[in-house]
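The values are calculated or read from the model by the stated rules, or taken from the named source; none is laboratory data. Because the structure is predicted, anything quoted here is derived from the model rather than measured. Every residue, glycine as well, gets a Cβ built from its backbone with ideal geometry; the counts of neighbours run over all protein chains shown. With ligands, DNA and RNA removed, areas are computed over all heavy atoms of the protein, side chains included. Shrake-Rupley method; radii C 1.70, N 1.55, O 1.52, S 1.80 Å.
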Amino acid sequence: MNRISIGFFLKLKAKDIKHPIYLRMIYQRKKTEYFIGYRCLTNEWDELKEEHVYDIHINRSIAKIKDKIYDTFHQLNLEGNEFDVTDIKDIALGKKTKKVKLNSFFDLFIEEYKNLEKVTPYTIKKYEQTLTRILVFQEQKNKQINLSDCDLSFITDFDSYLKAIKWNKNG
């Protein structure tokens, strides 16, 4: 499993001013840096502990940021999607949303429509069949399909796949 490195540091500007505190992440030999919104003097910063010497509020914020990054990193690993250090930073810091898997979207869609009285059981059954076909298609492609991947290319591939498969004795 790949590892992620997280560190906090002061970006030194000039003498005797408060310096911005930055987050640095390294993942797969790529790095990204981000200003976390706090500043402090050089003599108030512990470089070894990577925290403020006196300000508990700043230290709590640093701990929360670390937790969010590690949680996001582990979640992205579990999902099995490709991602980079910028994706981790953007998702953890709320600048980017996680990619929604097509089958997860379909599951939620079907559950919501089951509760509507306007939708017949037959329609729900057809939605479930479509989900089944999407799952088999993903298996054959050996790839999780995200909702954002549903473009003309995906529709064309999926349509060709459906036309090539005999789903029952009638074709």
### Task
Note down all Cβ pairs under 6 Å where the first residue falls in the range 40-67 and is over 16 Å from Gly7 (Cβ atoms), the second is of a type in the set (A, V, I, L, M) and surrounded by fewer than 16 Cβ atoms within 10 Å (Cβ to Cβ), and they're at least six residues apart or on different chains.
Glu44/Val53
### Query
Residues of the range 11-31 being open to solvent by 20 Å² or more (accessible area, probe 1.4 Å) and under 15 Å from Lys89 (Cβ atoms), which ones?
Tyr22, Arg24, Ile26, Gln28, Lys30, Lys31
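For (1) modelled with pLDDT of 90 or more; (2) among the hydrophobic types (A, V, I, L, M, F, W, C), each residue gets a yes or a no:
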site: Lys49; (1), (2): no, no
site: His52; (1), (2): no, no
site: Asp55; (1), (2): no, no
site: Asn59; (1), (2): yes, no
site: Asp71; (1), (2): no, no
site: Asn77; (1), (2): no, no
site: Phe83; (1), (2): no, yes
site: Thr86; (1), (2): no, no
### Query
Counting just the residues of the range 95-113 that are of a type in the set (S, T, N, Q) and at pLDDT 75 or above, which one comes out farthest from Cys150 (Cα to Cα)?
Ser104
### Message
Exactly one of these conditions fails for Phe35: (1) in a strand (DSSP E or B); (2) open to solvent by 60 Å² or more (accessible area, probe 1.4 Å); (3) closer than 30 Å to Gln144 by Cα. Give me its number.
### Response
(3)
### Task
Kindly establish whether Tyr38 is within 18 Å of the chain's Cα centre (by Cα) and among the hydroxyl-bearing types (Ser, Thr, Tyr).
no
### Query
When you go through (1) modelled with pLDDT of 90 or more; (2) open to solvent by 100 Å² or more (accessible area, probe 1.4 Å); (3) hydrophobic (A, V, I, L, M, F, W, C) one by one for Phe8, which number turns out not to apply?
(2)
### Pairs where the first residue, in the range 113-136, is free of Cβ contacts under 8 Å to residues at least 40 places away in the same chain and the second is open to solvent by 70 Å² or more (accessible area, probe 1.4 Å), C-beta under 7 Å, 6+ apart
Val119/Tyr113; Ile124/Tyr113; Ile124/Lys114; Tyr127/Tyr113
